[in-house]
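Reading through the structure tokens given below for one structure.
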């Protein structure tokens, strides 16, 4: 059982996929980390030695911004946009889609469930 950055990686998955359970690490970044650590990407998480886990942990801690720090940075960036009244910040404040999606239809995820409008 490997624990990296406070996350327990699933033991039956390949390490390439297991690393993606850490917030801020996707497949491309996981592959770069494994390449740098010289670990086979097809190896299962439960077959990693303690040295390999420590190597991966050290690489991630030294070079990557993950989990809490990354979440804090993202929320700080959104707050900054809202404070300077940028267009994207205003969209965040109003809980509307930020990246140019249409809102006449298909914005239910951001806008919430459809209200009971009465049409005449």
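Bear in mind that the values in this text are calculations on the coordinates, not laboratory data. Since we're looking at a predicted model, the values are computed, not measured. For neighbour counting, all protein chains shown are included, and Cβ atoms are generated from backbone atoms with ideal geometry for every residue, glycine included.
Treating the angle as unsigned and between 0 and 90°, give the value, to the nearest 10°, between the Cα long axis of helix 67-83 and the longest Cα principal axis of the chain. With rounding to tens, the tilt is 20 degrees. Using a Förster radius of 35 Å, what is the FRET efficiency between residue 87 and residue 20 based on their Cβ-Cβ separation? Nearest 0.05, please. So the FRET efficiency works out to roughly 0.65. Semi-axes of the equivalent ellipsoid for the stretch 3-64, computed as √(5λ) from the eigenvalues of its C-alpha gyration tensor and ordered from largest down, come to 14, 12, 12 Å. Dividing the helix sum by the residues of the chain, where each DSSP H run of 4 or more adds -39500 (n - 2.57), gives a mean residue ellipticity at 222 nm of -13500 deg cm²/dmol. Each Cα pair of the stretch 68-111 feeds into the Kirkwood radius, which the Stokes-Einstein equation turns, at 25 °C and 0.890 mPa s, into a diffusion coefficient of 219 µm²/s. When each of 93, 38 is scored by the number of other beta-carbon atoms lying within 10 Å, the sequence from fewest to most is 38, 93.
Where (i) 15.9, 53; (ii) 13.3, 42; (iii) 20.4, 70 are the candidate values, the label of the one calculated here for Rg and Dmax of the Cα atoms in Å is (iii). The slack between residue 32 and residue 13, meaning 0.36 nm per residue of separation minus the straight C-alpha distance, is 5.1 nm. For the pair residue 77 and residue 110, a Förster radius of 22 Å applied to the C-beta separation gives a FRET efficiency near 0.75, rounded to the nearest 0.05.
Under 11 Å from a point 7 Å along the Cα-to-Cβ line of residue 59: which residues of the stretch 24-47 have their amide N that close? Under cut-off, by backbone N: 29-41.
Relative contact order of the stretch 3-64, taken over Cα pairs closer than 8 Å and 6 or more residues apart, is 36 percent.
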